[in-house]
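What follows is one structure encoded as structure tokens, with my remarks underneath.
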Amino acid sequence: MKYLHYKVIYKTLLIALVSFGLVSELCAERIKDVASIAGVRSNQLVGFGLVTGLSGTGDGDINLTKQSLKSVISRFGIRTSIDDIDAKNIAAVTITAELPPFIKPGQTIDVVVSALGPSTSLKGGTLLMSALRGADGSTYAVAQGNLAVGGLGVTGDDGSSLIVNVPTVGRIPRGATVEKRVATPFLTAKNIILNLHTGDFTVANRVARAINKRLGKDVANPIDATSIQVRAPEKADQRVSFTSLIEEIPLPTTIPPAKVIINSRTGTVVIGGNVRITPAAVTHGNLTVKIDEKPEVTPTGATTTTADGNIVTTPGPAITTPRSQIEANEEPARAFVFNRTVELNEIVQAINDIGAKPSDLVAILEGLKAAGALKAELIVI
């Protein structure tokens, strides 16, 4: 009975250790989190079209819309003049879409439709069949369908209007059918190239070492700070499973480079966790200058004596004399000293203790960088 009890405890402990290992591996940073595969990317598509069926919120008397509608009508063998067309229920639009990698002809993608002219709302409209082209000018998809518009626009007879959200932009879920496939080197190239999201020699070396540790020596070789070359199987089915295996390989924890990011427009400062400051002294104080304008106004006038002896005063223009009072108040300078190399929490605590504002904090960090005490890259955006 005691042996059975110990056996149950052993199994429970073993399951806990295995579970902890799995959880730790799942929580670790994977290769797919820091890198992407070269050639496996989406492509942008754009097109021009017409939205019909609007309730008087179209472009109106716009030649671009009228000429486009005339061109569409002429395809059906109907001749018309621009003067005979009223585009108050029609709007010229641009159509944008994103073509995912490996998508095949016949599959559908979402499209975004945006008003190009003075149309006030696309609500209730229908997009006529429009070609979506890539950067090379080829047609990769064709879009058509009813728009889903989340905005609202209302105009009163007195000219008042109310607009909620953006009624001039709509979406057509699965509104475009793919007509042409984009070629990718993933299935034909001899090697797979991994491109890091952020170039770093240390990360590139660690990715290559992690792959070689799992799959064998010289399977992966770092090319530069951004790319790692990986030998891949020739067969397509093996290459897919091989790539999936690579993406799930966990990486050791990488310490990012020391950086301080400053947003000069908003005053936001982001300090990396491994930023250090060597011994330095900082003095901080505020100077406030107050100028109070109190002009002195002196009335003027002329006095005359009438024939009957009465004195009449005629008012004249007032004379204004500037009087300025200037006061300057300077707070006592507050200083703090870094006697040794300090870390992030000490930097933040010291700056907060003196009550520095964002603009003051930027000046302090720039001064420390200029003095060579800030051991980090200072980036101003």
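The values are calculated or read from the model by the stated rules, or taken from the named source; none is laboratory data. These numbers come from a predicted model, not from an experiment. Because the Cβ atoms are built from the backbone with ideal geometry, glycine has one as well, and the counts that use them run over all protein chains shown.
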> Restricting attention to region 88-95, does a residue exist that is touching a residue at least 12 places away in the same chain (Cβ under 8 Å), assigned by TED's automatic domain parsing to the domain that holds ALA135 and farther than 14 Å from LEU50 by Cα?
Replying inline: no
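Those residues that are modelled with pLDDT under 80 and over 22 Å from SER114 (Cβ atoms), I need them from region 164-187; list them, please. So that I can check it myself, show each step before the final result.
Keep residues of region 164-187 that are modelled with pLDDT under 80, which gives 164-166, 187.
If the condition is that a residue be modelled with pLDDT under 80 and over 22 Å from SER114 (Cβ atoms), then LEU187 is the only one that fits.
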> Is it true that ALA225 is assigned to a loop (DSSP other than H, G, I, E, B), aliphatic (A, V, I, L, M) and within 27 Å of the chain's Cα centre (by Cα)?
Replying inline: yes
> Considering only region 38-56, how many residues are over 22 Å from the mean Cα position of the chain (by Cα), of a type in the set (A, V, I, L, M) and part of a strand (DSSP E or B)?
Replying inline: 2
> Residues of region 189-233 being out of contact with any helix residue (DSSP H, G or I) (no Cβ under 9 Å at 6 or more places or on another chain) and free of Cβ contacts under 8 Å to residues at least 24 places away in the same chain, which ones?
Replying inline: ASN205, ALA208, ARG209, ASN212, LYS213, GLY216, LYS217
>> Of all residues being assigned to a loop (DSSP other than H, G, I, E, B) and under 24 Å from the mean Cα position of the chain (by Cα) in region 184-207, which is surrounded by the most Cβ atoms within 10 Å (Cβ to Cβ)? Just the residue, please.
In response: ASP200
> Consider SER244 against the criteria (1) at pLDDT 75 or above; (2) of a type in the set (Gly, Ala, Ser); (3) out of contact with any Lys or Arg (no Cβ under 8 Å at 6 or more places or on another chain); (4) surrounded by 15 or more Cβ atoms within 10 Å (Cβ to Cβ): it satisfies all of them except one. Which criterion is unmet?
Replying inline: (4)
